[in-house]
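To start, the structure itself, in structure tokens.
The values are calculated or read from the model by the stated rules, or taken from the named source; none is laboratory data. Every value quoted in this text rests on a predicted model; they were computed, and no experiment measured them. Here the Cβ positions follow ideal geometry from the backbone for every residue, glycine too, while neighbour counts run over all protein chains shown. Remember, those area values only see protein heavy atoms, side chains included, never the ligands or the DNA or RNA. Shrake-Rupley method; radii C 1.70, N 1.55, O 1.52, S 1.80 Å.
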Amino acid sequence: MPAAKKAAKRKTEDVLQDKIEPKKLKVFHRSHRNEAGMVLVLGQGDVGQLGLGEDIMQRKKPALLSLPEKIVQVIAGGMHTVCLSESGHVYTFGCNDEGALGRTGPEMVPEKVALDEKVIQVSAGDSHTVALTDSGSVYIWGSFRDNNGVIGLLEPMNTSRTPIKVPLLEPVMKIASGNDHVALLALEGNLYTMGTAEQGQLGRVPECFADRGGRKGLERLLVPQIVKVKGKAHFIDTFCGAYFTFAVTKEGHVYGFGLSNYYQLGTKSPKTCFTPVKLTCFKNSTTSWVEFSGGQHHTICLDAEGQVYGLGRADYGRLGLGPGAGEKSEPTRVTLAEPAKGVTCGASVSYAVTREGSVYAWGMGTNLQLGTGEEDDEWSPAKMTGQQLENRVVLMASSGGQHTVLLVKDKQES
């Protein structure tokens, strides 16, 4: 065979091989840049979500969790917890009724999930967990639910107790979870969603089909599909609340869709948004938004200057705006003693991690998630204290239905 034909044949074989086995693609997003540290847990743990064993069902103050590796990300699901290690391994513990742990074995203590690829980000909802790998692939396990029960995961009514790969035609660079839905941000700027659509949280399923997909059935909801907006949008970030989703474009526009019954999306009406709405309340020439986190009915936002804002439902103090504050339809400044670098929400609680390494908490105190040691509600940010926080810097926080998880490191390592 002539040399030119041999070269052409090799090139064709290379292309085909790339289609069969895509080359490793290192996917980086600013949400993956956490430092490595130790894990602290607090709140209620009656189904093992604290990871402290069968004898410890609650912690009023943060307790140190024993793990075999340093951790770079902590995520609190509804009633389970997910920890991502420095080496890319995933550890889970807590409620496993519907497979949210992705493994068999003890539920009350951390154990590793079997995955063949290195994981760089995790997210979790009420009964599901998602893992993003360094090749841009996504794995999911557990189940999605709607108001009538389980709807499945990737296939109608089929759940999975071990990781299964999400079928996508392009690499993903960030994942986010609501209670029962997932947003997937692709490397090229497309946004995919999957899961329950009842509250409009998928942003691509009309209201008439939101109840289990209409004639197309549950596949309409469970198979990831692109969210479309008027004109063309290149998305660079996405965030989820319990029943709603935010997406940010490279031009700085913020879109929202889903439940806004307390104006938690920042819409001008409390109507549910089944398609993406460009949120004018976030368009300010002097403000650049870097993070959103949503609870059941409220949202906490962070700007590039480290200022924290709240909107939505105010009951139990979850907006942090002081005693007697009412619901807000626009982002309203929360008074903090120092600039923040991260925010997160549980169902009815909120947190801000500061640039100095402190964590402030506010909202409903019933489940001991605030770290005050009491069950009283906090209407303004209260600095979390405890023996395990002494001489330590808080790197990130995450909160679920009844518990909270912190990632910390020793101050001398700073």
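Structure summary
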{"item": "Karplus 3J(HN,Hα) series, Hz, for segment 219-227 with 6.51 cos²θ - 1.76 cosθ + 1.60 (x for Gly, Pro)", "result": "4, 4, 8, 7, 7, x, 9, 6, 7"}
{"item": "Filter on Lys26/Lys232; Lys60/Lys409; Lys228/Lys268; Lys228/Lys328; Lys118/Lys174 - keep pairs with C-alpha separation over 24 Å", "result": "Lys26/Lys232; Lys228/Lys328"}
{"item": "Selected from Gly371, Val393, Leu321, residue furthest toward positive end of dipole (segment 306-414; charges at beta carbon)", "result": "Val393"}
{"item": "Per-selection Rg to Rh, segment 203-337 - Cα, Kirkwood hydrodynamic radius", "result": "1.00"}
{"item": "Accessible surface of segment 67-106, 1.4 Å probe, proportion on carbon and sulfur as whole %", "result": "57 percent"}
{"item": "Reciprocal mean inverse distance between Cα atoms of the chain - Kirkwood radius, Å", "result": "21.5 Å"}
{"item": "Accessible area per residue in Å² at 1.4 Å probe, computed on segment 237-341", "result": "40 Å²"}
{"item": "About the Cα centre, charge dipole magnitude for segment 154-214 (Lys/Arg +1, Asp/Glu -1 at Cβ), debye", "result": "220 debye"}
{"item": "Per residue, the convex hull volume that the Cα atoms of segment 78-132 enclose (Å³)", "result": "67 Å³"}
{"item": "Rg(Cα) / (2.2 N^0.38 Å) computed for segment 291-414, rounded to two decimals", "result": "0.97"}
{"item": "Average accessible area per residue (Å²) across segment 62-109 - probe 1.4 Å, nucleic acids and ligands excluded", "result": "32 Å²"}
{"item": "Using distinct alpha-carbon pairs, which all enter the 1/r mean, Kirkwood radius of segment 202-278 in Å", "result": "13.1 Å"}
{"item": "Accessible surface of segment 305-414 [probe 1.4 Å, protein heavy atoms]: carbon and sulfur percent", "result": "38 percent"}
{"item": "Column: log10 I(q)/I(0), Debye, Cα scatterers of segment 335-376, q = 0.30, 0.31, 0.32 Å⁻¹", "result": "-1.02, -1.05, -1.07"}
{"item": "Principal axis dimensions, segment 108-206 - Cα atoms, whole angstrom, descending", "result": "39, 35, 20"}
{"item": "Karplus (6.51, -1.76, 1.60) ³J(HN,Hα), θ = phi - 60°, over segment 83-96, in Hz, Gly and Pro reported as x", "result": "10, 9, 8, 4, 8, x, 8, 10, 10, 9, 6, x, 5, 10"}
{"item": "Computed magnitude of the charge dipole of the chain (debye, nearest 20; Cβ of K, R +1, Cβ of D, E -1)", "result": "1840 debye"}
{"item": "Accessible area of segment 189-258 belonging to carbon and sulfur atoms, whole % at 1.4 Å probe", "result": "49 percent"}
